[in-house]
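Beneath this line is the structure, given in structure tokens, with notes to follow.
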Protein chains: 4
Amino acid sequence: MIVILKQEATRAQMDNVIARIEQMGCGVEISQGEERTIIGIIGNGRRLDHEQIERMAGVERTVPIMRPFKRASRDFHPSDTVVKLNGVSVGGQQLIIMAGPCAVESREQLLETAHAVKEAGAQVLRGGAYKPRTSPYSFQGLAEKGLRILAEAREETGLLIVTEVIDPYLVPLVSAYADILQIGARNMHNYALLHAVGEAQRPVLLKRGMMSTIEEMLMAAEYILSHGNNRVILCERGIRTFETYTRNTMDINAVPLLKQLSHLPVLADPSHATGKWELVAPVSRAAIAAGADGLIIEVHPQPEEAVSDGAQSLKPSRFAELIDSLRPVAEAVGRTL
Amino acid sequence: MIVILKQEATRAQMDNVIARIEQMGCGVEISQGEERTIIGIIGNGRRLDHEQIERMAGVERTVPIMRPFKRASRDFHPSDTVVKLNGVSVGGQQLIIMAGPCAVESREQLLETAHAVKEAGAQVLRGGAYKPRTSPYSFQGLAEKGLRILAEAREETGLLIVTEVIDPYLVPLVSAYADILQIGARNMHNYALLHAVGEAQRPVLLKRGMMSTIEEMLMAAEYILSHGNNRVILCERGIRTFETYTRNTMDINAVPLLKQLSHLPVLADPSHATGKWELVAPVSRAAIAAGADGLIIEVHPQPEEAVSDGAQSLKPSRFAELIDSLRPVAEAVGRTL
Amino acid sequence: MIVILKQEATRAQMDNVIARIEQMGCGVEISQGEERTIIGIIGNGRRLDHEQIERMAGVERTVPIMRPFKRASRDFHPSDTVVKLNGVSVGGQQLIIMAGPCAVESREQLLETAHAVKEAGAQVLRGGAYKPRTSPYSFQGLAEKGLRILAEAREETGLLIVTEVIDPYLVPLVSAYADILQIGARNMHNYALLHAVGEAQRPVLLKRGMMSTIEEMLMAAEYILSHGNNRVILCERGIRTFETYTRNTMDINAVPLLKQLSHLPVLADPSHATGKWELVAPVSRAAIAAGADGLIIEVHPQPEEAVSDGAQSLKPSRFAELIDSLRPVAEAVGRTL
Amino acid sequence: MIVILKQEATRAQMDNVIARIEQMGCGVEISQGEERTIIGIIGNGRRLDHEQIERMAGVERTVPIMRPFKRASRDFHPSDTVVKLNGVSVGGQQLIIMAGPCAVESREQLLETAHAVKEAGAQVLRGGAYKPRTSPYSFQGLAEKGLRILAEAREETGLLIVTEVIDPYLVPLVSAYADILQIGARNMHNYALLHAVGEAQRPVLLKRGMMSTIEEMLMAAEYILSHGNNRVILCERGIRTFETYTRNTMDINAVPLLKQLSHLPVLADPSHATGKWELVAPVSRAAIAAGADGLIIEVHPQPEEAVSDGAQSLKPSRFAELIDSLRPVAEAVGRTL
């Protein structure tokens, strides 16, 4: 951290700031510029709270030098993390495809979808049993019944299961059924939940909050990693911007940037990032070309009957076409599908 | 809801859409424009899921007509809701001032602050016992010990207590100590928590998510109201924008707009909305002038020692000056303080 | 400026960076931290281009220390600038009110409005003769005929005239009629135009771009000031955010922050910042309470007949009521109206 | 357009609204819903100004049905527009690569770059002679001298020239040297300039404003098209969001969406969209995979010496590697390079 003093800061104010930093166990180095004095901090600046320093008399502002995430950082763990689960690897040379409906609506709907996505080439089945919905009057999910249907689909197809958990209290129950616990975008800052999935020692699919920076996403991963749970998969799913023609704006920059800043695998969710099924295929191809380790895509047997997110769901036939179109793109960037 | 068909939509596609709408219990009215056909829906369009319709062949898009919130709406409840709690009213002619530190750090810190804000004119003491922090390595709050200190401060000063709850599991415990349960900005979309505080039948201070729309905020209120808990206080606390000189951007438009759309009381939080103590006073005056029913302000006896949000906290002496400066502004808009 | 080196930077890379900085006429100061080496720059870092340094091998990123604006800065000019024009002062103890229609539509419309706003207490008449419109098919303004009508209104009422200029080529013509040249939000980054109004040596009302930062706004002011034209009036008119219930989001924080960072007068435009006439009055009061030096407000004799921005225009009677309601707020913050 | 009346609207208010619409030459169709009355407009609703209607008593809001762009729309011109210029086609099966420095700095710098990008496979040379810079103290370009150097590079290499024009007054001069006129992001809303390049009848590269919606971009294209100049090339170059780790956020969704909404060719600018040269290659591959018709990329022989945008410029050798890596991606989506 660097501390920039105000032009009019007094010698006594500067001494106070230095005393405070030293009291926190760090050293200082003073640069007297023409217009401003700057105090550089020597030692582990991560331990210092910048807000305390900023509030001191004579201080203009502080500037962080170190990224605040540590375990999630590639500096800490230079080689790629490959998350392994029952024969499936996420983050390796082979791409991973997760697909399925937004919500588990019925046994028939889920099994039909599961068989279809399996055949098209998916390795993981998605489907929500607990749904975070903007309206209290919307369908909130089948709860444990939905989890049982997901488990049955795994039995029938051999697909792994990823499903969302929305309440710390439900982590043990969801863990009993699911292979991967999903933290949804609306809960990326729900620290009670992040602690709970960290402790669960299960693989976690962490979706970026629609209002969250890349740094905040890596800090959310840090919460999970700090419990010794290293199997974290990041997922870019679009951010909220001023544009209204699409539901969200896929931050494609985030895909290579996350790969550069962190060792964790990075998926992309083109269904939520666009909100329009017509855009899912081109944006899926873009994500793979940008270096994503895989995709999570909404597929529904009758999208026009879906109880949620129908407008962004693909029919199984279109999903199969999409997967076919992805293979040459994957090869073009040295990956396999 | 209105359904806009594609220019090239066929007669059969239109008939399908109409059949679906009628099957959902609504009527239709067709307008054949020069370039587009439009289907108006008669009956309670709120029951229809627009995504299902949007996914049907021949449909270009749908347009909502009704606002999705109901119990939170002024149409539903035309007169102002005044939340009453132990002799204090929120939403009436008298403004309410909530003040205190970001986090409860110690008995001494809290009691000193409580006496100071009481003397300056506050009616409610704020202070976090459970802190949602971006970093897992930051101070996470004193937990139940913090709640006990808050209760002691209430005993000593007569101030009411507002404190944040971050986990549905903790709602009963926090309710045992606090007069008002706060839902923080990071949890505005945490529906498990909204359900829990709805059931708790305690007054709730609902802070706007930093990237949540006004509509989403009113839908979050709707979650709480749908449990029959009518004592909801809305709080505008700044939204995330591209501007980086301030921590957030106070959406001052939201204050009169929320008062117009809803019957619920509306507070403003100038501390988080600015992130800079120098801006707290002018933005507080602005919020009152815009029609806010009160303020929630961070006050700390030694902001430069605060373990969180020091940069946006006022010293007690500045807080007292602020309250004095607010009185003529309140009078200018026909309120008392 | 501070240069942060990569963890793996070599000694040779560091030496290269230092050589480059010294070659640009600045000195350096090296801090060897545990995890990173930092190079502080001594001398006038404003002369250095951070992008050149950032592109050098071994450099992680650079951090600016100084704000990039100089003539617009309060450090450069500590006392408030009061812009004086024909007996009217902007930025002094007395607030300034500019009002009138979005566009000059006819002689009748403008004269009627001019008399009404004069009577209600405005000192300056606004009205566009050249309109920047999103659609090429919308009304583009009466051009020089509109300017002549504005001049006639000045003759009749004694009001000063502010009107927008959208093309550098038109600056001399518009200057021949107007007292104040307005740079609209869409042209805040139009540097050819900023140069032209800088050279014109006329007072300029500079509106913030709808997605421009406070820093960029002050840099746009710097363009004008760098031509020796010191009569620049800043105007916060709302920024573009994700919120869709209002046309823009009034950045009320910007009002006190601009007053703190700069010596230039600051107005607020509640008409564009809200886009809804019902919100104009409360947001006007908020802007005055936050410390604005005045307001610019859209008034139209028949808003429902206006060819542009009707939805945000006040009728003359409501405008007069608004001015009356502003007087006690102005007094409450030590200003007069 | 559809008009939604307020719940409490009177019969007389409704009749007024209808009379106004009919007076504007359109018909109406009334839907009496349970909670709201809706007026559908029959005829060419594009002629109606929604703001006039919204301001009428009894009206809650209006809802546009038609997209406001016409000549830019694929409905108007269903087949792809291919812009042809001296043997190069933009928008056809073959991708187009434009490359070169941000600014023309010297004859040597430009010629060296021109030869390098030509050899690597580019067809068009970019380079700014007039630079819109945030700071008045930054390098503003070599002006006509820069244009002459660009023309010399065309002579030597056979590359076409694209360069930015920032002032309507300069359009004839720049047209005398350049093959393609560029409208930069900061000028996308500069309507005086859009008119001038529309009249110039030269091919135009129109960059999306960093604060502009897709609809606004297509309306800016409409300005140029409305002068009968059909050779417009759209360019997505990243938008401004809350994310700060990158300079802008590439809106990858915009690429397929623009291709769907419009018949005009669509390029992507990964240099500005990321601001970091390390991200240019993966984001370039993503843009091609998403369906872009080509790229415009910053290349500089010594990026660390560049007077602007050095941090986002590629060295010639890396640019050549990028082009090589793009070929298989282009093939994977059925294009050639």
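Can you spot a residue in the range C:234-244 that is in contact with a strand residue (DSSP E or B) (Cβ under 6 Å, 6 or more places away or on another chain), closer than 14 Å to residue C:214 by Cα, hydrophobic (A, V, I, L, M, F, W, C) and more than 12 Å from chain B (Cβ to nearest Cβ)? Within the range C:234-244, one or more residues are in contact with a strand residue (DSSP E or B) (Cβ under 6 Å, 6 or more places away or on another chain), closer than 14 Å to residue C:214 by Cα, hydrophobic (A, V, I, L, M, F, W, C) and more than 12 Å from chain B (Cβ to nearest Cβ). For the range D:267-282, filtered to residues that are touching a residue at least 40 places away in the same chain (Cβ under 8 Å) and of a type outside the set (Gly, Ala, Ser), the residue that is nearest to the other protein chains (Cβ to nearest Cβ) is D:277. On inspection, residue A:29 does not qualify as open to solvent by 30 Å² or more (accessible area, probe 1.4 Å), over 30 Å from the mean Cα position of the chain (by Cα), without any contact (Cβ under 8 Å) to a residue 12 or more places away in the chain and more than 30 Å from residue A:233 (Cα to Cα).
In the range A:172-186, is there at least one residue being within 11 Å of chain B (Cβ to nearest Cβ) and either over 30 Å from residue B:196 (Cα atoms) or in a loop (DSSP other than H, G, I, E, B) (or both)? Yes - at least one qualifying residue is present in the range A:172-186.
Go through D:225, D:279 for me and flag whichever is modelled with pLDDT of 95 or more, more than 23 Å from residue D:313 (Cα to Cα) and over 11 Å from the mean Cα position of the chain (by Cα). On inspection, the qualifying residue turns out to be D:225. Suppose the filter is hydrophobic (A, V, I, L, M, F, W, C), more than 12 Å from chain D (Cβ to nearest Cβ) and touching a residue at least 40 places away in the same chain (Cβ under 8 Å); does residue C:214 pass it? Yes: the conditions hold for residue C:214.
Going by what's in this entry, would residue A:209 be described as modelled with pLDDT of 95 or more, in contact with a helix residue (DSSP H, G or I) (Cβ under 6 Å, 6 or more places away or on another chain) and either surrounded by fewer than 24 Cβ atoms within 10 Å (Cβ to Cβ) or more than 24 Å from residue A:82 (Cα to Cα) (or both)? No; evaluated as a whole, the condition is false for this residue. Of the residues making up the range A:103-126, one or more are more than 9 Å from chain B (Cβ to nearest Cβ), in contact with a His (Cβ under 7 Å, 6 or more places away or on another chain) and surrounded by 21 or more Cβ atoms within 10 Å (Cβ to Cβ). Selection over the range A:209-226 of residues that are aliphatic (A, V, I, L, M) and closer than 14 Å to residue D:242 by Cα gives a count of 4. Can you pull out the residues in the range A:246-263 that are aliphatic (A, V, I, L, M) and open to solvent by 10 Å² or more (accessible area, probe 1.4 Å)? The one that is aliphatic (A, V, I, L, M) and open to solvent by 10 Å² or more (accessible area, probe 1.4 Å): A:261. Can you confirm whether residue D:332 is open to solvent by less than 20 Å² (accessible area, probe 1.4 Å), touching a Ser or Thr at 6+ places or on another chain (Cβ under 9 Å), of a type in the set (A, V, I, L, M) and within 12 Å of another protein chain (Cβ to nearest Cβ)? No; evaluated as a whole, the condition is false for this residue.
Restricting B:337, B:279, B:326 to residues that are buried (at least 24 other Cβ atoms within 10 Å of the Cβ) and in contact with a strand residue (DSSP E or B) (Cβ under 9 Å, 6 or more places away or on another chain) narrows the list to B:326. Scanning the range C:155-179 for residues that are surrounded by fewer than 21 Cβ atoms within 10 Å (Cβ to Cβ), in contact with a helix residue (DSSP H, G or I) (Cβ under 8 Å, 6 or more places away or on another chain) and among the charged types (D, E, K, R) returns C:156, C:179. Among the residues of the range D:50-79, those identified as in contact (Cβ under 8 Å) with a residue 60 or more places away in the chain, more than 8 Å from every other protein chain (Cβ to nearest Cβ) and farther than 16 Å from residue D:230 by Cα are D:62, D:64, D:67. Every test in (1) away from chain A (no Cβ under 12 Å); (2) open to solvent by less than 10 Å² (accessible area, probe 1.4 Å) is passed by residue D:315 save one, and that test is (2).
Scanning the range C:127-137 for residues that are among the polar types (S, T, N, Q) and either open to solvent by 40 Å² or more (accessible area, probe 1.4 Å) or away from chain D (no Cβ under 14 Å) (or both) turns up just one, C:134. Condition test on residue C:157, is it under 29 Å from residue D:183 (Cβ atoms) and more than 9 Å from every other protein chain (Cβ to nearest Cβ)? For residue C:157, the condition - under 29 Å from residue D:183 (Cβ atoms) and more than 9 Å from every other protein chain (Cβ to nearest Cβ) - is not met.
Inspection of the range D:82-96 finds no residue satisfying the criterion of being on the phi < 0 side of the Ramachandran plot, surrounded by 22 or more Cβ atoms within 10 Å (Cβ to Cβ), assigned to a strand (DSSP E or B) and over 36 Å from the mean Cα position of the chain (by Cα).
Here residue B:285 passes the criteria (1) under 15 Å from the mean Cα position of the chain (by Cα); (2) open to solvent by 10 Å² or more (accessible area, probe 1.4 Å) except the one numbered (1).
Selection of the range A:230-243 for residues being without any contact (Cβ under 8 Å) to a residue 12 or more places away in the chain and more than 14 Å from residue D:252 (Cα to Cα) yields only A:242.
Residues in the range A:253-266 that are at the interface with chain D (Cβ under 8 Å from one of its Cβ atoms) and under 22 Å from residue A:126 (Cα atoms): 1 in all. For the range C:213-245, a tally of residues being open to solvent by less than 10 Å² (accessible area, probe 1.4 Å), among the β-branched types (Val, Ile, Thr) and touching a helix residue (DSSP H, G or I) at 6+ places or on another chain (Cβ under 9 Å) returns 4. Is the range B:47-54 home to any residue that is crowded, with 19+ Cβ neighbours inside 10 Å and assigned to a strand (DSSP E or B)? Within the range B:47-54 (the criterion being crowded, with 19+ Cβ neighbours inside 10 Å and assigned to a strand (DSSP E or B)), the answer is no, since none of the residues qualifies. Residues that are at pLDDT below 75 and out of contact with any helix residue (DSSP H, G or I) (no Cβ under 8 Å at 6 or more places or on another chain) within the range D:32-49 comprise D:34, D:35, D:42, D:43, D:44, D:45, D:46, D:47, listed in sequence order. Checking each residue in the range C:190-206 for being out of contact with any His (no Cβ under 7 Å at 6 or more places or on another chain), open to solvent by less than 10 Å² (accessible area, probe 1.4 Å) and within 12 Å of chain D (Cβ to nearest Cβ) picks out C:190, C:193, C:194.
The values are calculated or read from the model by the stated rules, or taken from the named source; none is laboratory data. Predicted model only: the values in this text are computed from it and were never measured. Please note: Cβ atoms are built from the backbone with ideal geometry, for glycine as well, and neighbour counts cover all protein chains shown. Each accessible area value is taken on the protein alone, full model and side chains, heavy atoms only, with ligands, DNA and RNA left out. Shrake-Rupley method; radii C 1.70, N 1.55, O 1.52, S 1.80 Å.
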